[in-house]
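The values are calculated or read from the model by the stated rules, or taken from the named source; none is laboratory data. Worth saying up front: this structure is predicted, and the values here are computed from it rather than measured. Methodologically, a virtual Cβ is constructed for each residue, glycine included, from the backbone with ideal geometry; neighbour enumeration extends over all protein chains shown. Note: accessible area is taken over every heavy atom of the protein model, side chains too, but ligands, DNA and RNA are not part of it. Shrake-Rupley method; radii C 1.70, N 1.55, O 1.52, S 1.80 Å.
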Amino acid sequence: GSFAGADIDVEETGYALGLQFVHPIGESALSYVLRAGGTFNHIEIENDEGDIVADSEHGLGWELGLGVDLPLGEDWHVRPMARYRSLSSDLNTDDAEESVDLNYIALEVGLARSF
C-alpha cells in the first residue's frame, strides 16, 4: 500500500563521512570497531518497468556502526559490521511531495588494508 504502487524498488545512493575507532579486545588478535558519522544520500523509487516515479534531492542523515576486526595476515582485515542508518527526506513525484523517514539496519562484511 505505498503511494508509489505495489511493485517498486527503492534505491539509496550517496556518501558517508565520519569516524571509525578500532581497538583490540584484550590480548586476542580480534578488535572491536565503532563507527559514527553523517551521510549525504539520495532516494529514488522505480516502478516494475524501471522508470523513476519519485526521487529526492541529496539530504543529510546519520549512521552508527558496531563490528569486529578479524586480521588476515599483517595488513589485511575482514570487518563484519552492523550499521544503523537514518535519513529523512522529501520525495518528489509528478503529483505531490511526500515526506519519508528511511531508517534501517544493514549487515555487511568489508575488507580493509592497513598501511
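Since LEU107 meets every condition but one in (1) assigned to a strand (DSSP E or B); (2) loosely packed, with under 11 Cβ neighbours inside 10 Å; (3) modelled with pLDDT under 95, which condition does it not meet?
(3)
Looking at the stretch 84-98, which of its residues are more than 15 Å from GLU57 (Cα to Cα) and open to solvent by less than 30 Å² (accessible area, probe 1.4 Å)?
Within the stretch 84-98, the first condition is being more than 15 Å from GLU57 (Cα to Cα), and the residues that meet it are 84-86, 95.
If the condition is that a residue be more than 15 Å from GLU57 (Cα to Cα) and open to solvent by less than 30 Å² (accessible area, probe 1.4 Å), then SER86 is the only one that fits.
For the stretch 28-57: of the residues being open to solvent by 80 Å² or more (accessible area, probe 1.4 Å) and free of Cβ contacts under 8 Å to residues at least 40 places away in the same chain, which is farthest from ARG79 (Cα to Cα)?
Selected residue: GLU49.
Could you tell me whether LEU60 is at pLDDT 85 or above, open to solvent by 80 Å² or more (accessible area, probe 1.4 Å) and over 24 Å from VAL109 (Cβ atoms)? Break it down into steps so the answer makes sense when it comes.
Details: at pLDDT 85 or above: yes; open to solvent by 80 Å² or more (accessible area, probe 1.4 Å): yes; over 24 Å from VAL109 (Cβ atoms): yes.
Yes; evaluated as a whole, the condition is true for this residue.
Find all pairs meeting these conditions: Cβ atoms under 8 angstrom apart; at least six residues apart or on different chains; first residue within the stretch 10-27 and at positive phi; second residue polar (S, T, N, Q).
If the second residue must be polar (S, T, N, Q), the pairs left are GLY14/THR39; GLY14/ASN41.
Let me confirm something: among VAL10, VAL22, which residue is open to solvent by 50 Å² or more (accessible area, probe 1.4 Å), closer than 17 Å to LEU91 by Cβ and of a type in the set (Val, Ile, Thr)?
Values: VAL22 fails: closer than 17 Å to LEU91 by Cβ.
Just one listed residue meets the conditions, VAL10.
Scan the strands (runs of 3 or more DSSP E) fully inside the stretch 1-100 and keep the ones with 2 or more residues being more than 16 Å from ALA112 (Cβ to Cβ) and within 19 Å of the chain's Cα centre (by Cα). Spell out how you get there, then give the answer.
Details: elements: 9-24, 31-46, 52-55, 59-72, 76-92.
Where strands (runs of 3 or more DSSP E) fall fully within the stretch 1-100 and carry at least 2 residues being more than 16 Å from ALA112 (Cβ to Cβ) and within 19 Å of the chain's Cα centre (by Cα), they are 9-24, 31-46, 59-72, 76-92.
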